[in-house]
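All remarks here apply to the structure that follows.
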Amino acid sequence: MRAAGRLAAVTVLILGLIVGTTQPVIAAPKAGPGQWFIKDYGIDKAWKTSTGKGVKVAVIDSGVNTDHEDLDGVVTKAKDFSGLGKDGTTPIGGSTTIHHGTAVAGVIAGQGTGAGPTGVAPDAQILSASMWLGPDRPKESGSTREQADKAMRWAVDSGAKVINMSLGWDDPGWPESWDKSFEYAYKKDVLVVACVGNASQGATQAWSPSTVPGVIGVGGLDKNGKVLDDSTAPGTAVDLMGPAKDIPIPYYSGGYAEGQGCSFASPIVSGVAALIRADNPKLSADEVRAKLQSSAKPVSGHKGVTKKDKPDPIVGWGRLDPNAAFRAKAPGNAPSAEKELEDWVKMHRRGDAKTEETETASPDETEGPKAVAPTDIAATQSTPVLGFAALGVGALIALGLIVASIIAFARRRR
């Protein structure tokens with residue numbers, strides 16, 4: 001797709017060597033239609049330095065459709081953890097969730113084909129781990145948190161340097177099994193990024209897994225850089241804020257859409273992390289996390305980081321700033337995600353007392369109270385209102401509003 005651009009880059013590099021310049025020159029990609037945040041956040045400038053080449057980003061989600069034109073050749077390994085016997089590249093879930101994994105993968109590594117979006121790290125490789133999101137979980141599927149636990153370990157063992165989890169449970173707590181799986185990721189130098197939850201889906205405080213120590217919790221901003229109230233949730237788990245309004249995405253069954261929600265702010269942060277890790281592979285996950293947090297910009301109307309270096313409970317360290325993160329020096333004493341989790345475990349998993357699973361159960365699992373919608377795994381994935389239209393036609397036919405966390409207009413090319 002970008003062969004001509006890469007050839008030009010090689011030519012420039014050779015000429016540079018001739019005149020004595022040895023700094024590599026990268027053929028920068030171009031933003032796709034509607035990708036307003038690429039320029040607003042300076043991602044186009046970051047592309048001059050890195051496109052994420054060689055970095056594997058795991059997408060633990062509803063599965064990624066590898067047949068979509070915008071994701072051709074992007075997924076290098078996949079596995080299903082839903083218990084449904086799928087392959088990780090077959091989108092799964094109900095009508096409110098089946099689209100989600102494909103959309104998230106496109107935000108990270110879309111190829112900019114036709115009317116499609118160009119991913120934040122278009123040369124990164126995607127590892128797709130599919131699991132069941134949302135209500136109406138089939139009986140064949142085990143606990144969703146068990147699925148996430150296994151998916152996490154598989155992603156680490158498959159070489160992921162960044163794991164994106166644009167999903168969540170409507171509880172800030174998590175099962176004890178996660179203590180080990182997240183510790184495993186940190187020990188293997190993997191950076192974990194997760195959305196904090198959408199208020200439109202009932203999140204009054206940040207949900208797990210964004211609450212797990214060491215995870216970068218991401219909330220959502222609008223096009224003006226202000227907090228998008230419906231697309232974020234407050235809490236000490238909030239670390240960074242990213243664009244969450246009108247984000248172009250590939251739709252799982254073909255065509256394209258626009259999404260809203262912190263589900264799409266999270267993969268933008270994951271994509272930037274991949275750019276940084278590709279640019280300097282010697283940086284540890286802790287150093288990348290520190291660079292992202294320390295370089296964040298203030299968010300209008302919020303104090304940001306206090307004098308005691310405590311993040312704002314609404315916006316965390318502030319707004320993602322990719323170029324400042326690239327320029328920021330890696331601190332010699334970057335906070336350790338592994339140590340943060342270890343300290344939390346020592347304080348909260350005392351003695352031999354059994355830790356109660358905090359997953360909100362669906363009615364078919366227990367005789368207890370019904371879970372607050374969305375049930376079971378209360379995923380913060382954004383759900384589209386579909387309107388099909390031929391490319392270039394302005395009218396869109398609204399088909400319905402689902403959970404009010406995303407407005408998407410799927411556009412099929414003629």
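Okay, here's what the table says:
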| quantity | calculated |
| --- | --- |
| Scope segment 152-178; condition closer than 16 Å to THR76 by Cα, of a type in the set (A, V, I, L, M, F, W, C) and within 15 Å of the chain's Cα centre (by Cα); matching residues | ALA155, ALA160, VAL162, ILE163 |
| Among the candidates THR102, THR51, residue that is touching an Asp or Glu at 6+ places or on another chain (Cβ under 9 Å), over 17 Å from PHE264 (Cα atoms) and either modelled with pLDDT of 85 or more or assigned to a loop (DSSP other than H, G, I, E, B) (or both) | THR51 |
| So ASP61, is it within 19 Å of GLY142 (Cα to Cα), in the same structural domain as PRO267 (by TED's automatic domain parsing) and crowded, with 21+ Cβ neighbours inside 10 Å | yes |
| Residue pairs meeting the criteria (Cβ under 6 Å; at least 6 apart or on separate chains; first in a helix (DSSP H, G or I), in segment 265-290; second surrounded by fewer than 24 Cβ atoms within 10 Å (Cβ to Cβ) and of a type in the set (Asp, Glu)) | ALA285/ASP189 |
| Any hit, segment 320-332, residues being at pLDDT 95 or above, surrounded by fewer than 24 Cβ atoms within 10 Å (Cβ to Cβ), touching a strand residue (DSSP E or B) at 6+ places or on another chain (Cβ under 9 Å) and assigned by TED's automatic domain parsing to the domain that holds GLY54 | yes |
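So that you can scan it fast, the table gives a plain yes or no per residue for (1) farther than 23 Å from ASP286 by Cα; (2) of a type outside the set (D, E, K, R):
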| site | (1), (2) |
| --- | --- |
| LEU127 | no, yes |
| LYS139 | yes, no |
| ARG145 | yes, no |
| GLY159 | no, yes |
| PRO175 | yes, yes |
| ASP179 | no, no |
| GLN205 | yes, yes |
| PRO209 | no, yes |
| VAL227 | yes, yes |
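The values are calculated or read from the model by the stated rules, or taken from the named source; none is laboratory data. What you see is a predicted model, and the numbers here were worked out from it, not measured in a lab. Note: ideal-geometry Cβ built from the backbone for every residue, glycine included; neighbour counts use all protein chains shown.
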